[in-house]
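**Student:** Once you've had a glance at the structure underneath, I'll fire off some questions.
The values are calculated or read from the model by the stated rules, or taken from the named source; none is laboratory data. Predicted model, so just to flag it, every value in this text is computed and none were measured. Quick reminder, even Gly has a Cβ in these numbers, built from the backbone with ideal geometry, and neighbours come from all protein chains shown. The accessibility values were calculated without ligands, DNA or RNA, using every heavy atom of the protein model including side chains. Shrake-Rupley method; radii C 1.70, N 1.55, O 1.52, S 1.80 Å.
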Amino acid sequence: MCGIFGCVLHEGAHAAPIIHSALKRLEYRGYDSVGEVTIDNDRLTVKKDSGRLEEVHAKYNLDDLPGPVGVGHTRWATHGRPVYENSHPLVDCKSRIAVVHNGIIENYLEIKKELEAKGHTFQSRTDTEVVPHLVEDYLSHGMSLEEAFRKTVNRLEGAYAIVLTSAEQPKTILCARQESPLVLGLGDGEYYCASDFAAFLPLTRKAVLLDEGEMAVLDPKGVKILKLKNAAPVKREAITITWDPESAKKQGFRHFMLKEIHEQAQALRDALRTEQVYYDQFSRKIIEADKVFIVACGTSYHAGLVGSIALAKIAGINARAVIASEFSEEALDLVTSKTVVLAISQSGETMDTLNAVRDAKAKGATILSVLNVLGSTLMRLSTVYIDQNAGPEIGVASTKAFTSQIAVLLRLAATIGRKKGEVSAKEISELENALHKTPALIQSILNTKVEDVKKIAEECDGASSVCFLGRGINVPTALEGRLKLLELSYVPAIAYPAGESKHGFIALIEEGFPVIFVAPNDDTHKRIVGNIMEMKDRGARIISIIEEGDEEIRNLSDRVIEISESLPSLVTPLVYVVPLQLLAYYLSVIKGHDPDYPRNLAKSVTVE
Ligand code: M6R
């Protein structure tokens with residue numbers, strides 16, 4: 001989704017190249033247009049266009065914009081196609097005020113009509129453009145810039161993070177947020193605002209969180225936070241971001257996604273380091289709840305499905321996983337003040353997940369969350385949260401976040417299982433021990449199986465579709481393999497519980513159709529062998545992820561990837577998903593796509 005970065009630097013400094021680098025760090029969010037504005041000698045200069053950052057830079061040279069104050073934006077189109085006119089920044093009639101925005105202004109048409117009637121002319125089809133014009137209008141009534149901005153933002157309905165610069169106060173940046181992310185950075189006499197920490201991580205690790213319904217004024221004197229409603233000043237302590245700026249770079253890997261796949265062993269070790277006290281707090285709330293819902297989107301939802309099965313199997317907890325965008329339809333009526341909603345989100349900014357959480361919270365539910373970005377909106381909405389500790393995930397396709405989410409959820413299920421005595425202490429210890437073995441096991445896949453996966457990817461190139469099948473705890477693994485493959489290679493893919501495939505999907509099978517089985521040697525083994533035979537008999541090309549030494553499935557398969565150790569069933573998704581991530585990555589590369597920036601997708605989806 002849109003990325004924002006603004007900076008107020010020392011007198012004489014040059015903001016443009018700093019904005020350019022910050023926008024580069026925000027590219028992973030997904031975008032289709034780019035723009036920058038800087039102020040020098042009381043004049044705004046804007047450069048913008050549709051296209052990738054480096055394309056727009058090659059066309060206009062973004063780095064020669066003059067002055068120490070400026071704002072940059074990467075836009076992911078919602079209102080108005082990705083063309084020059086709709087790119088941000090957008091300006092007022094006299095080009096004295098420039099605004100960038102992330103989110104959606106729901107009542108923009110009404111405001112636009114009102115302003116057009118007063119003689120304002122609009123250049124774009126965006127909702128954003130009402131903001132500079134409305135500020136211009138209030139300024140013409142003699143208001144200060146700060147007051148005009150505050151009044152404008154208070155008229156907006158919807159979700160937004162807005163940043164404004166103006167020739168009226170050339171050393172100042174004003175910003176505000178409601179539901180869309182915006183954080184502030186404190187440098188040495190220099191100040192930043194951005195959609196996320198990654199943008200200013202190499203400049204400062206000192207950050208201040210802006211809450212919903214707040215605005216901030218950045219100028220050479222510092223940062224001032226005010227309540228949008230009544231301009232009351234807000235005092236807020238700075239926090240220190242622990243992420244290492246190096247970890248947000250590619251470090252020799254061709255793509256962020258590949259680097260993040262390779263980081264999984266470490267990410268898991270870090271995730272498993274979270275103190276037990278947080279799991280105990282989660283457990284108490286879950287055990288006391290009348291109902292438990294897990295809400296999430298995409299990959300995080302698949303992790304939620306694993307969590308739901310694990311909670312049922314070893315903790316005796318019925319926790320239904322619901323796709324966040326369907327939560328209000330499917331589950332909200334059931335929520336009471338005794339309900340627990342467990343939200344899972346890498347970014348902590350996914351609008352559908354936040355909406356589900358807000359709806360449940362309004363009914364008094366307790367919000368628990370598993371998240372990877374401290375300071376995110378989800379963290380602030382939660383009663384208690386567990387930090388996945390996976391480090392920055394830049395690739396649009398989620399990988400290390402998935403495995404560390406599962407590790408957290410399994411540890412949670414084990415904690416509750418132990419407390420409730422649902423399964424034997426021996427079983428729980430086996431699971432916990434196996435969890436601690438997974439980093440080494442993943443490392444061994446990465447060390448020894450990449451060439452085998454590449455071969456499978458080459459063979460899948462040309463297939464019109466690919467199917468993923470699994471059973472039990474590995475139905476979510478199959479779903480995740482499918483999501484990775486289709487979002488990166490654009491090959492339509494299918495995933496099913498293997499047992500369900502004969503109720504319809506099997507009609508698609510013809511000679512050579514690739515069917516990938518996630519088939520560990522657990523108590524689903526016998527039945528999955530039956531499913532493999534059903535597919536094989538109809539000509540499917542069988543690719544199986546199996547435990548080493550599983551001769552039965554090996555003999556039925558055209559290709560296998562072997563996992564060298566036997567694991568308790570519940571832990572297998574964590575490890576068996578890794579070859580599927582690699583498969584999606586290599587198929588995307590073979591097809592000439594960029595796995596870090598799949599078309600039409602954004603890293604954090606901050607609109608409904
Ligand atoms: O930041 P979140 O975990 O809330 O993101 C949820 C989904 O948008 C995300 O997992 C998405 O499906 C990824 N593209 C999957 O690779």
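**Student:** With the checklist (1) modelled with pLDDT of 95 or more; (2) in the same structural domain as Val335 (by TED's automatic domain parsing) in hand, flag the one item Lys259 doesn't pass.
**Tutor:** For Lys259, the failing item is (1).
**Student:** If the Cβ limit is 7 Å and pairs must be 6+ apart or interchain, which residue in the range 389-404 that is under 12 Å from Glu487 (Cβ atoms) pairs with which residue that is of a type in the set (Val, Ile, Thr) and more than 8 Å from the ligand (Cβ to nearest atom)?
**Tutor:** Final answer for the pair search is Thr399/Ile261.
Residue-wise test of (1) open to solvent by less than 10 Å² (accessible area, probe 1.4 Å); (2) without any contact (Cβ under 8 Å) to a residue 24 or more places away in the chain; (3) part of a loop (DSSP other than H, G, I, E, B).
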site: Cys7; (1), (2), (3): yes, no, no
site: Ile39; (1), (2), (3): yes, no, no
site: Glu55; (1), (2), (3): no, yes, no
site: Glu85; (1), (2), (3): no, no, no
site: Ser95; (1), (2), (3): no, no, yes
site: Ala98; (1), (2), (3): yes, no, no
site: Asn102; (1), (2), (3): yes, no, no
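**Student:** So, in the range 396-424, exactly how many residues are small (Gly, Ala, Ser), within 30 Å of Tyr31 (Cβ to Cβ) and in a helix (DSSP H, G or I)?
**Tutor:** At the first step, the residues of the range 396-424 found to be small (Gly, Ala, Ser) are 397-398, 401, 404, 407, 413-414, 417, 421, 424.
Subset that is within 30 Å of Tyr31 (Cβ to Cβ): 397-398, 401, 404.
Subset that is in a helix (DSSP H, G or I): 401, 404.
Residues that pass the stated criteria total 2.
**Student:** Would you please name the residue that is farthest from the ligand (Cβ to nearest atom), looking only at residues in the range 281-301 that are more than 24 Å from Glu422 (Cβ to Cβ), open to solvent by 20 Å² or more (accessible area, probe 1.4 Å) and part of a helix (DSSP H, G or I)?
**Tutor:** Tyr301
**Student:** State which residue is nearest to Pro514 (Cα to Cα) when the search covers only the range 566-585 and only residues that are small (Gly, Ala, Ser) and part of a helix (DSSP H, G or I).
**Tutor:** By that ranking, first place goes to Ala584.
Every residue, every condition in (1) touching a helix residue (DSSP H, G or I) at 6+ places or on another chain (Cβ under 9 Å); (2) under 27 Å from Val605 (Cβ atoms), yes or no:
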{"residue": "Val130", "(1), (2)": "yes, yes"}
{"residue": "Glu136", "(1), (2)": "yes, no"}
{"residue": "Val163", "(1), (2)": "no, yes"}
{"residue": "Leu174", "(1), (2)": "yes, yes"}
{"residue": "Gly189", "(1), (2)": "no, no"}
{"residue": "Cys193", "(1), (2)": "yes, yes"}
{"residue": "Val208", "(1), (2)": "no, yes"}
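**Student:** Out of Tyr576, Tyr597, Tyr586, I need the residue that is touching a Pro at 6+ places or on another chain (Cβ under 8 Å) and not polar (S, T, N, Q). Which one?
**Tutor:** Tyr576
**Student:** State whether the residues of the range 500-516 include one that is closer than 14 Å to Leu587 by Cβ, in contact with a strand residue (DSSP E or B) (Cβ under 6 Å, 6 or more places away or on another chain), away from the ligand (no atom under 16 Å from the Cβ) and not β-branched (Val, Ile, Thr).
**Tutor:** For the range 500-516, residues closer than 14 Å to Leu587 by Cβ, in contact with a strand residue (DSSP E or B) (Cβ under 6 Å, 6 or more places away or on another chain), away from the ligand (no atom under 16 Å from the Cβ) and not β-branched (Val, Ile, Thr): present.
**Student:** Can you name the residue in the range 586-604 that is in a helix (DSSP H, G or I) and in contact with a helix residue (DSSP H, G or I) (Cβ under 7 Å, 6 or more places away or on another chain) and, of all such residues, is nearest to the ligand (Cβ to nearest atom)?
**Tutor:** Here the answer is Ser588.
**Student:** Another question, then. Quick one: which of Glu534, Glu548 is farther than 21 Å from Glu451 by Cβ and either modelled with pLDDT of 95 or more or more than 16 Å from the ligand (Cβ to nearest atom) (or both)?
**Tutor:** Glu534
**Student:** From the list Lys313, Lys361, which one is within 17 Å of Ala289 (Cβ to Cβ) and charged (D, E, K, R)?
**Tutor:** On the way: Lys313 fails: within 17 Å of Ala289 (Cβ to Cβ).
Selected residue: Lys361, the only one of Lys313, Lys361 that is within 17 Å of Ala289 (Cβ to Cβ) and charged (D, E, K, R).
**Student:** Only one of these is of a type outside the set (Lys, Arg), within 15 Å of the ligand (Cβ to nearest atom) and surrounded by 24 or more Cβ atoms within 10 Å (Cβ to Cβ): Ser376, Ser382. Name it.
**Tutor:** Ser376
**Student:** Taking Ala310 as the residue in question, decide whether it is in a helix (DSSP H, G or I), small (Gly, Ala, Ser) and within 16 Å of the ligand (Cβ to nearest atom).
**Tutor:** no
A quick yes/no check of all residues on (1) open to solvent by 60 Å² or more (accessible area, probe 1.4 Å); (2) in contact with a Lys or Arg (Cβ under 7 Å, 6 or more places away or on another chain); (3) assigned to a loop (DSSP other than H, G, I, E, B); (4) closer than 29 Å to Gly187 by Cα:
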residue	(1), (2), (3), (4)
Thr242	yes, no, yes, yes
Lys250	yes, yes, yes, yes
Arg254	yes, no, yes, no
Arg269	yes, no, no, no
Arg273	yes, no, yes, no
Tyr279	no, yes, no, no
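**Student:** State the number of residues belonging to the range 579-600 that are within 19 Å of the chain's Cα centre (by Cα) and either closer than 16 Å to Pro476 by Cβ or open to solvent by less than 10 Å² (accessible area, probe 1.4 Å) (or both).
**Tutor:** Step one: list which residues in the range 579-600 are within 19 Å of the chain's Cα centre (by Cα), which gives 581, 584-585, 594-600.
With the extra rule that they be either closer than 16 Å to Pro476 by Cβ or open to solvent by less than 10 Å² (accessible area, probe 1.4 Å) (or both), the set shrinks to 581, 584-585, 595-596, 598.
Qualifying residue count, the range 579-600: 6.
**Student:** Additional query: Scan the range 351-370 and tell me whether some residue there is among the hydroxyl-bearing types (Ser, Thr, Tyr), touching a Cys at 6+ places or on another chain (Cβ under 8 Å) and within 15 Å of the ligand (Cβ to nearest atom).
**Tutor:** At the first step, the residues of the range 351-370 found to be among the hydroxyl-bearing types (Ser, Thr, Tyr) are 353, 366, 369.
If we keep only those that are touching a Cys at 6+ places or on another chain (Cβ under 8 Å) as well, we get 353.
Okay, now just the ones that are also within 15 Å of the ligand (Cβ to nearest atom), so 353.
For the range 351-370, residues among the hydroxyl-bearing types (Ser, Thr, Tyr), touching a Cys at 6+ places or on another chain (Cβ under 8 Å) and within 15 Å of the ligand (Cβ to nearest atom): present.
**Student:** Across the range 193-207, which residue is farthest from His73 (Cα to Cα) among those that are open to solvent by less than 10 Å² (accessible area, probe 1.4 Å) and either over 19 Å from the mean Cα position of the chain (by Cα) or assigned by TED's automatic domain parsing to the domain that holds Val373 (or both)?
**Tutor:** Among those residues, the one meeting the criterion is Ala207.
**Student:** What about Glu480, is it within 16 Å of the ligand (Cβ to nearest atom), of a type in the set (Asp, Glu), within 25 Å of Gly530 (Cβ to Cβ) and touching a residue at least 24 places away in the same chain (Cβ under 8 Å)?
**Tutor:** yes
**Student:** For the range 350-373, give me each residue that is of a type outside the set (Lys, Arg) and either open to solvent by 20 Å² or more (accessible area, probe 1.4 Å) or without any contact (Cβ under 8 Å) to a residue 24 or more places away in the chain (or both).
**Tutor:** Of everything in the range 350-373, those that are of a type outside the set (Lys, Arg) and either open to solvent by 20 Å² or more (accessible area, probe 1.4 Å) or without any contact (Cβ under 8 Å) to a residue 24 or more places away in the chain (or both) turn out to be Thr350, Asp352, Asn355, Asp359, Ala362, Gly364, Thr366, Val373.
**Student:** Additional query: Looking at the range 535-556, I want the residues that are among the acidic types (Asp, Glu) and have a partner that is assigned to a helix (DSSP H, G or I) with Cβ atoms under 7 Å, at least 6 apart or on another chain. Which pairs are those?
**Tutor:** That search, which allows pairs on different chains as well, returns Glu552/Val529.
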